Amino acid sequence: MKHYIKSAISGVALSAFTVMGAFAQEEPVKFSIALPLSGPLAFSGAVQQAGWQSAIKYINENGGIEGRQITAEFYDDEYKVDLGVAGFKRAASAGDLVFAAGDGTPFVRAISPENNDTYRILMSATGFASDVIDTQTYKYNFLPGPTYSDMFGELFKFMKSRKDNPTVAIVYSATEFGRDPLENGRAMAKEMGIEIVLEEETKWSGVDVTASAIKLRNAKADYVIFHGYAGNVWPEIMKTAKEYGVQSVFMGTAYNSDPEMVRGVGDAADGYVGVVPYDLTMEDADGEYAVAIRDSLQNWDGHEYTGYANMGYVQSWLTALVLREAIGGAIKAGEELNGDNLIARVNQLQNWDTKGIIGDISFANQRIQKGIVYQYNVSGDAFSMEAQEY
């Protein structure tokens, strides 16, 4: 069963405009946003929805997109591809849809062939799959962050900055998600002079971590990267490995590195190193957009402000702000708001100031390549994360 939630703030036309001008001024920019608002990923969906709602409110209260307000329809797809595709088609068929968001790469893969041929609507989604940079297959989809392969590249650069000829073990889930960056990771490691001494595949859940911990002890890698998990499996492998005397630096990609998740692991996560797409430290927010995100977190009813932001919350904000730039540029140029014009506008964002979210960014193959590597300090009730130079 799907649930629909409308979020809209209408603009008020200035009396100096003609009737026709006032109508054009008020014409909304329509978004359709699929999220898992029920089921096992409902918490993630709720956080992303809150990010979208606060970002849209901020944009609408600050002039909208070239004077036009955003209206967004959120629908619950329960993280099921068929429900996501059905919602997309319904929104697209209603007309005047400018942008559609999906809740993961499976949705993008499923709808892109038909979208490329029929609807031609600008899209984005929450996943960071490495193949989304195939701009012919995913012609109208942009990724407001790095791919999983890009994240491996950032962690490899960090290793090289700390140690000559480092060795690494990669622990990943037996899922498409887990295996995603392996081929590219092997090629990058070889090129950069990094030796992969162990590749350990585990089940997504229900894992006896002892065997993996023993393999890590025997591998004696300088670094261990966890990838392809959420809050499951990897913390137990890391805890057990440390109990077995493993001295490696433990690392992870974005979905293992959200502040709340790492903090929840406890003292075993002290010294953990993770790569994420955005600045998630809010207390020292610097820049208009980062400050706006911090303010929205502090005023989020029913949510405890910790001084750190959830990755999905910030991703919703950055996606909305990219859309304001791209759609605004098309409106100013008098262009039709279709996928061809808007994806071109996204790709034209070069050295664009994100005003505190992640510095200046440039799109390449319809995604942002850069990320931030943090070291996490966890001891008892104390928690902090520090951006690393490399």
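The values are calculated or read from the model by the stated rules, or taken from the named source; none is laboratory data. Quick caveat, the model's predicted, so the values are computed rather than measured. Please note: Cβ atoms are built from the backbone with ideal geometry, for glycine as well, and neighbour counts cover all protein chains shown. Accessible surface is based on the protein model in full, side chains and every heavy atom, while ligands, DNA and RNA are left aside. Shrake-Rupley method; radii C 1.70, N 1.55, O 1.52, S 1.80 Å.
Side notes on the structure shown:
- Projecting the Cα atoms of Ile65, Phe158, His227 onto the dipole axis of the chain, where Lys and Arg carry +1 and Asp and Glu carry -1 at the beta carbon, places His227 farthest toward the positive end.
- Around the amide H of Val224, modelled in the peptide plane, lie the amide H atoms of Ala169, Val249, Phe250, Met251, all under 5 Å away and 5 or more residues distant in sequence or on another chain.
- Residue-averaged [θ]222 nm for the chain, counting only DSSP H segments that reach four residues, each worth -39500 (n - 2.57): -12000 deg cm²/dmol
- Among Ala101, Ile133, Gln53 - extreme Cα towards positive end, dipole of the chain, charges at beta-carbon: Ile133
- Region 146-274 shape via C-alpha gyration tensor axes, a/c threshold 1.5: rounded
- Cleavage-rule hits (GluC sites (Glu not before Pro)) in region 267-335: DSSP loop, at most 16 neighbouring Cβ within 10 angstrom: Glu283, Glu304, Glu335
- Annotation for region 260-335 versus region 53-78: alpha-carbon center distance of 16 Å.
- Among the chymotrypsin sites (Phe, Trp or Tyr not before Pro) within region 221-263, those in coil by DSSP and having at most 16 neighbouring Cβ atoms inside 10 Å are Tyr244.
- Under a model in which nothing but the beta-carbon of Lys, Arg (+1) and Asp, Glu (-1) is charged, the chain shows a dipole of about 500 debye around its Cα centre.
- Dipole magnitude of region 244-360 about its Cα centre (Cβ charges: Lys, Arg +1; Asp, Glu -1), debye to nearest 20: 260
- Fraction of accessible area attributable to carbon and sulfur, the chain (%, probe 1.4 Å): 48
- Beta bridges per DSSP with both ends in region 172-325, % antiparallel, nearest 5: 10
- DSSP-loop trypsin sites (Lys or Arg not before Pro) across region 302-390, with at most 11 other Cβ within 10 angstrom: none
- Dipole moment magnitude, nearest 20 debye, region 74-208 about Cα centre, only Lys, Arg, Asp, Glu C-beta charged: 320
- Sequence-separation-based contact order of the chain, relative, with Cα cut under 8 Å and 6+ spacing, percent: 17
- DSSP assigns beta bridges within the chain; of those with both partners inside it, close to 35 percent run antiparallel.
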